[in-house]
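J.: Can you keep this structure in mind? I'll have questions shortly.
The values are calculated or read from the model by the stated rules, or taken from the named source; none is laboratory data. All figures in this text were calculated on a predicted structure; none of them were measured in a lab. Note that each Cβ is placed from the backbone with ideal geometry, even for glycine, and that neighbours are counted across all protein chains shown.
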Amino acid sequence: MNQKMITIGRTASAAFPAEGIHDVPVKIDTGADSSSIWASELHMSKSGVLSFTLFGIGSPYYSGKRHTAKNYTASLIRSSNGNAQIRYKVPLSIELEGRKIRGTFTLADRSKNTYPVLVGCALLNKKFVVDVSKRSKIRPPAQHEKIGALTEELKQDPLGFFEKYHIDNQRGDIEL
């Protein structure tokens, strides 16, 4: 039976039923094949069982609940900036715009990302249509203070800003 496709915006609100967590802001990325979720405390047992927690201690979505996976794979993920990482990929259940979906997510440290979850094409395919003019009412934790401070720093000293963030930071590990 074919279900009607749901129109979704470039951001959305998700729930993770296994965590009992709702209103998690997610970024919809039609340029990404796979989906990714912030995971921490990854460990591998001697018997090959992967364990992890979703989100991180500083996150409002962190429950501390340990997840274990025997059914996982590894994927090479290349970001738009050319960096590549090998990540574990696990099946998870997500509720997106009222629709329950079982899909695979790569486990990544998304602690520095605005959105703790990224939903890619594989999860969206034949379930959602993306309307980029539409946005979720749920917003991620505020980043605008940091951006405002950066803008002010740039205005005050453009050359110093350039030297601090561009010349002296070729590895891209800026700490805000």
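J.: Does Leu42 fit the bill of being more than 18 Å from Ala122 (Cα to Cα), over 13 Å from the mean Cα position of the chain (by Cα), assigned by TED's automatic domain parsing to the domain that holds Leu123 and not in a loop (DSSP other than H, G, I, E, B)?
T.: So Leu42 passes the test.
J.: In this structure, does Phe16 turn out to be surrounded by 13 or more Cβ atoms within 10 Å (Cβ to Cβ), of a type outside the set (Gly, Ala, Ser) and in contact (Cβ under 8 Å) with a residue 60 or more places away in the chain?
T.: So Phe16 fits the description; yes.
J.: Follow-up. How many residues are at negative phi and surrounded by fewer than 16 Cβ atoms within 10 Å (Cβ to Cβ) if we restrict to the range 35-68?
T.: Just the residues of the range 35-68 that are at negative phi, to begin with: 35-40, 42-47, 49-54, 56-63, 65-68.
Applying the additional criterion that residues be surrounded by fewer than 16 Cβ atoms within 10 Å (Cβ to Cβ) yields 42-47, 49, 51, 57-58, 60, 63, 65-66, 68.
Total meeting the criteria: 15.
J.: With (1) among the acidic types (Asp, Glu); (2) part of a strand (DSSP E or B); (3) in contact with a helix residue (DSSP H, G or I) (Cβ under 6 Å, 6 or more places away or on another chain) as the list, and Asp23 as the residue in question, which single condition is left unmet?
T.: The number of the failed condition is (3).
J.: Right, next: Would you check if Val26 is touching a Leu at 6+ places or on another chain (Cβ under 9 Å), closer than 14 Å to Pro116 by Cβ and in contact (Cβ under 8 Å) with a residue 40 or more places away in the chain?
T.: Spelling it out, Val26 is indeed touching a Leu at 6+ places or on another chain (Cβ under 9 Å), closer than 14 Å to Pro116 by Cβ and in contact (Cβ under 8 Å) with a residue 40 or more places away in the chain.
J.: Next question, about the same structure. What number of residues within the range 21-55 satisfy the criterion of being of a type in the set (Gly, Ala, Ser) and farther than 28 Å from Val130 by Cβ?
T.: Qualifying residue count for the region: 5.
J.: Take the residues in the range 48-69 that are part of a loop (DSSP other than H, G, I, E, B) and in contact (Cβ under 8 Å) with a residue 24 or more places away in the chain, then tell me which one is farthest from Val24 (Cα to Cα).
T.: Out of the qualifying residues, it is Lys65.
J.: Wholly within the range 77-167, which helices (runs of 4 or more DSSP H) include no fewer than the required count, namely at least 3 residues that are loosely packed, with under 13 Cβ neighbours inside 10 Å and either modelled with pLDDT under 85 or of a type in the set (Gly, Ala, Ser) (or both)?
T.: By residue number, 144-156, 158-165.
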